[in-house]
Amino acid sequence: MKVAMPHMGHIYVPLRTLFREVGVEMVVPPLNSRRTLTLGAKHSPEFVCIPFKLTLGNFIEALEMGADTLVMAAGPGLCRFGYYAKIQERILRDQGYHFEMVTTELFESKLMGVANLVKRLSNGAPTQKVLAAIRFGLAKLGTLDELERVLHQVRATEAEKGSADQVFQQALAAIDGADSRAALKEIKNRYLMKLQQVERDGETEPVVVGITGEFYVVLEPFSNMDLERELGRLGAEVRRTTFVSEWMKFSLFLNAFGLSEKDRIHQAAAPYLRRDVGGDGWESVGDIILHSHDYDGLIHVAPFTCGPEIIAQNIFPAIKTRIPVLTVICDEQMGRAGMLTRLEAFVELLRRRRARKGLAVAALVP
Amino acid sequence: MTTVGIPQALLYYQYYPMWKTFFQHLGAQVVTSPPTTRGTVTSGSARVVAETCLPVKVFCGHVISLVGKCDYVFVPSIRSIERDAYNCSKFLGLPDVVKAVVPECPPLLDPDIDISKEGKRGFYLAIYALARRFTWNPLKVKEAAEAAWQCHMRFQSQTREEGITLSCALSRMEDGMPSDEEGVNPSSATIALIGHPYVLYDEYINHRFLQRLRQLGAQVVTPEMAQIQELDRGVTRLIGKPYWTYEDEVTGAGGHYLDSQVDGVIAIIAFGCGPDSVMIDVVKRYAQRVSKPFMAITIDEHTAEAGLVTRLEAFMDMLRRRQGWEGKA
């Protein structure tokens, strides 16, 4: 059996580890590329959102590499995502592929649901082993996210653009290869140090740009045209509001105890949006209000035709005290140059805004 | 007397008689916005982001036209009306969007209807909370709700049993007059028209599609003419368990009519409709499998009438030839 899952950021690293630990072969399709998107878009319904097209492209590329079991999250949610697996299965079968589609209701089934799924795929590995594998996978995920947070800071002020990314790529390879928790810890410390040692230059206090929006396009760099890297290149420090490890922590464990990481965001959004609108629309509205003091500006990324994010966009203008927000819509008609121009203008706006605020404060203090 | 405004858009087409009865029994006066015009679409589109789907733009236009004409505007947030099937984001957040984009709007009556999460009890509580603005007497609320439900049942049975469209049943209920579509001549072809009522029956946005179809000599059947069980079976056949509320209007009707004796199926969907964008693909694939003529028309506020008419005529010509060939064979 060869298992394949779609890409989302570098989530394939912990997943590969998880499956390797329980002795299941995992096919990792090539990272998202133009080819992935073209393949996906060719067979997708025209107006479906970009995550559907990319994940379908991943499946096609994985099937070409010999995968025979496709794993996809599914189940009743409030947006099209819950339906992906069903529709994609149909499309792939119509294309003549043979495979088994395994879906997991990630939001409902929590930790044991995932454990059972892994157990099933591994032909009944002992639960102990499965749980240990999940734990190791989560540790890798946590390490990756921790390094990425530092990467976001370093990128903004590095002397030679791209050097922090080089270090991160090495770290990614090392983490992928790590086979014990001790080795992982050593790798983490080594690369955290290396990242810190990257030569800095430029502004001491770069403008801070938050990134919020729909989960997939926030986390998958190909779908948002490397938004984070481009912002770093422009000298802005990125604060991403979503990390997979945090999300996993809550959806696998803490939500079961009635804890939700989102309560605070929802409360913030309440004056303007009282209801869950599916996807991440509620959170997008909340983030803008919640971070109106600690960020200089916010970039809102959303797939084209994404219902929840359209609702959020319609509500943004009504929010009174807010920082500048730039909405970036992602679909297969990408134009890098156009986006770069918009980002440059946005970062420039934030810089001026901050300078003006600085002047205003200076005028008050004699 | 308190006046409640009901925008003539979105769920108006399937629930208006029920809503009207309910508010009237509570002693309120009901006004509706006039039918969609170019002005409605323009004023609505100007307020929301361009990507928003056409029906929501139209809805905002209708809310704007109600400003100054009523004390409250009724904009429910219908989250789910059955277990584990939810409505699309735009229905869920409708009251919040209206508040954000039409700030001059009178106060909203915005109950949350969520059968899947709150159950029947939650539903009753929501109705009661809504009625509290009009009366303190729970018995009166119960009476109004029962009358509304009776009215809704009558309304539904008309379309199902007599085979008339929702808009026809609506005008019959409103004016007591049969509309001109009753007593259709025997026709050359039967066409199933599938889609959400707010797309099929808003004559401005679909350029009188239904009438055009009839003028071309087709007998038209629509989702609400089928029995609920038939629609449910249609959904099951195509996709298994329904995922979205009102899925029977597209997937259910598609599955049902593609397997029936109709000569062709036409779907009208609104540009940017989240659920339909994937469901229409499922219906299309099924149509190919059973080789039944099928056409999906996507409409938005730019739809040029001539293009639509050409496609419709071509479709009808195709059916005619097909019938000819099958006759010869």
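Kindly establish whether B:Leu193 is assigned to a strand (DSSP E or B) and under 28 Å from A:Lys42 (Cα atoms).
For B:Leu193, the condition - assigned to a strand (DSSP E or B) and under 28 Å from A:Lys42 (Cα atoms) - is met.
Within the stretch A:162-217, how many residues are out of contact with any strand residue (DSSP E or B) (no Cβ under 8 Å at 6 or more places or on another chain) and assigned to a helix (DSSP H, G or I)?
Residues meeting the conditions: 32.
Yes or no: the stretch B:113-131 includes at least one residue that is within 22 Å of the chain's Cα centre (by Cα) and within 11 Å of another protein chain (Cβ to nearest Cβ).
yes
Sort through B:Tyr286, B:Tyr257 and tell me the only one that's closer than 26 Å to A:Cys49 by Cα, part of a helix (DSSP H, G or I) and either open to solvent by 10 Å² or more (accessible area, probe 1.4 Å) or not hydroxyl-bearing (Ser, Thr, Tyr) (or both).
Going through B:Tyr286, B:Tyr257 in turn, just one is closer than 26 Å to A:Cys49 by Cα, part of a helix (DSSP H, G or I) and either open to solvent by 10 Å² or more (accessible area, probe 1.4 Å) or not hydroxyl-bearing (Ser, Thr, Tyr) (or both): B:Tyr286.
Right, A:Ser245: small (Gly, Ala, Ser), open to solvent by 10 Å² or more (accessible area, probe 1.4 Å) and away from every other protein chain (no Cβ under 14 Å) or not?
yes
Go through the stretch A:235-282 and count every residue that is modelled with pLDDT of 90 or more and of a type in the set (Asp, Glu).
Total satisfying the criteria: 1.
With the requirement that a residue be at the interface with another protein chain (Cβ under 9 Å from one of its Cβ atoms), surrounded by 24 or more Cβ atoms within 10 Å (Cβ to Cβ) and aliphatic (A, V, I, L, M), what does the stretch B:53-97 give you?
Matches in the stretch B:53-97: B:Val56, B:Leu92, B:Leu94, B:Val97.
For A:His98, work out the one condition from (1) buried (at least 16 other Cβ atoms within 10 Å of the Cβ); (2) away from every other protein chain (no Cβ under 12 Å) it doesn't fulfil.
All conditions pass for A:His98, except number (1).
Here is a list of conditions, (1) within 14 Å of chain A (Cβ to nearest Cβ); (2) farther than 21 Å from B:Leu200 by Cβ; (3) part of a helix (DSSP H, G or I), and B:Glu104 meets all of them except one; can you say which number that is?
B:Glu104 satisfies all of (1) within 14 Å of chain A (Cβ to nearest Cβ); (2) farther than 21 Å from B:Leu200 by Cβ; (3) part of a helix (DSSP H, G or I) except (3).
Within the bounds of the stretch A:119-132, is there any residue that is in contact with a strand residue (DSSP E or B) (Cβ under 9 Å, 6 or more places away or on another chain), assigned to a helix (DSSP H, G or I) and farther than 19 Å from A:Arg239 by Cα?
yes
Can you spot a residue in the stretch A:189-196 that is assigned by TED's automatic domain parsing to the domain that holds A:Lys161 and among the polar types (S, T, N, Q)?
The answer is yes; a qualifying residue exists.
Can you report the number of residues in the stretch A:175-197 which are over 11 Å from A:Leu144 (Cα atoms) and either of a type in the set (A, V, I, L, M) or touching a Lys or Arg at 6+ places or on another chain (Cβ under 8 Å) (or both)?
5
All but one of (1) in contact with a strand residue (DSSP E or B) (Cβ under 7 Å, 6 or more places away or on another chain); (2) open to solvent by 10 Å² or more (accessible area, probe 1.4 Å) hold for A:Ala302; which doesn't?
(2)
I need the full set of residues from the stretch B:219-235 which are more than 13 Å from chain A (Cβ to nearest Cβ) and farther than 13 Å from B:Thr165 by Cβ, in order please.
B:Gln227, B:Ile228, B:Gln229, B:Glu230, B:Leu231, B:Asp232, B:Arg233, B:Gly234
Hey, could you check the stretch B:270-321 for residues that are on the phi < 0 side of the Ramachandran plot and of a type in the set (Ser, Thr, Tyr) and say which is farthest from the other protein chains (Cβ to nearest Cβ)?
Applying the filter and picking the extreme gives B:Thr310.
Looking at B:Gly183 and the list (1) surrounded by fewer than 14 Cβ atoms within 10 Å (Cβ to Cβ); (2) modelled with pLDDT of 90 or more, which single condition is not satisfied?
Here B:Gly183 clears every test but (2).
Give me a count of the residues in the stretch A:284-340 that are of a type outside the set (A, V, I, L, M), outside any strand (DSSP E or B) and more than 10 Å from chain B (Cβ to nearest Cβ).
19
What pairs come out if I take residues in the stretch A:306-321 that are at positive phi and not assigned by TED's automatic domain parsing to the domain that holds A:Ile288 and pair them with residues that are among the aromatic types (Phe, Trp, Tyr) and at pLDDT 90 or above whose C-beta lies under 7 Å away, six or more apart or interchain?
Pairs found: none.
Conditions (1) closer than 18 Å to B:Leu166 by Cβ; (2) not in a helix (DSSP H, G or I), marked per residue:
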{"position": "B:Tyr16", "(1), (2)": "yes, no"}
{"position": "B:Lys20", "(1), (2)": "yes, no"}
{"position": "B:Ala46", "(1), (2)": "no, no"}
{"position": "B:Val49", "(1), (2)": "no, yes"}
{"position": "B:Val58", "(1), (2)": "yes, no"}
{"position": "B:Gly61", "(1), (2)": "no, no"}
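Among what's in the stretch A:135-166 and is closer than 16 Å to A:Arg233 by Cα and open to solvent by 40 Å² or more (accessible area, probe 1.4 Å), pick the residue that is nearest to the chain's Cα centre (by Cα).
If we take residues in the stretch A:135-166 being closer than 16 Å to A:Arg233 by Cα and open to solvent by 40 Å² or more (accessible area, probe 1.4 Å), then A:Arg149 is nearest to the chain's Cα centre (by Cα).
Starting from the stretch A:151-172, take each residue that is within 24 Å of A:Gly137 (Cβ to Cβ) and list its partners that are assigned to a loop (DSSP other than H, G, I, E, B) and open to solvent by less than 20 Å² (accessible area, probe 1.4 Å), counting only C-beta distances under 7 angstrom and pairs at least six apart or across chains.
Filtered contacts from the stretch A:151-172: A:Val167/A:Val198.
Just to verify a result, which residue in the stretch B:218-245, among those that are open to solvent by 20 Å² or more (accessible area, probe 1.4 Å) and assigned to a loop (DSSP other than H, G, I, E, B), is farthest from B:Ile115 (Cα to Cα)?
Once the filter is applied, the top-ranked residue is B:Gln227.
If I ask for residues that are free of Cβ contacts under 8 Å to residues at least 60 places away in the same chain, closer than 23 Å to B:Leu108 by Cβ and open to solvent by 80 Å² or more (accessible area, probe 1.4 Å), which ones from the stretch B:123-155 would you list?
B:Tyr124, B:Leu125, B:Arg132, B:Trp136
The values are calculated or read from the model by the stated rules, or taken from the named source; none is laboratory data. Since the structure is predicted, the reported quantities are computational estimates derived from the model, not experimental observations. All Cβ positions, glycine included, derive from the backbone under ideal geometry; neighbour counts span all protein chains shown. The area values use the complete protein model at the heavy-atom level, side chains included, leaving out ligands, DNA and RNA. Shrake-Rupley method; radii C 1.70, N 1.55, O 1.52, S 1.80 Å.
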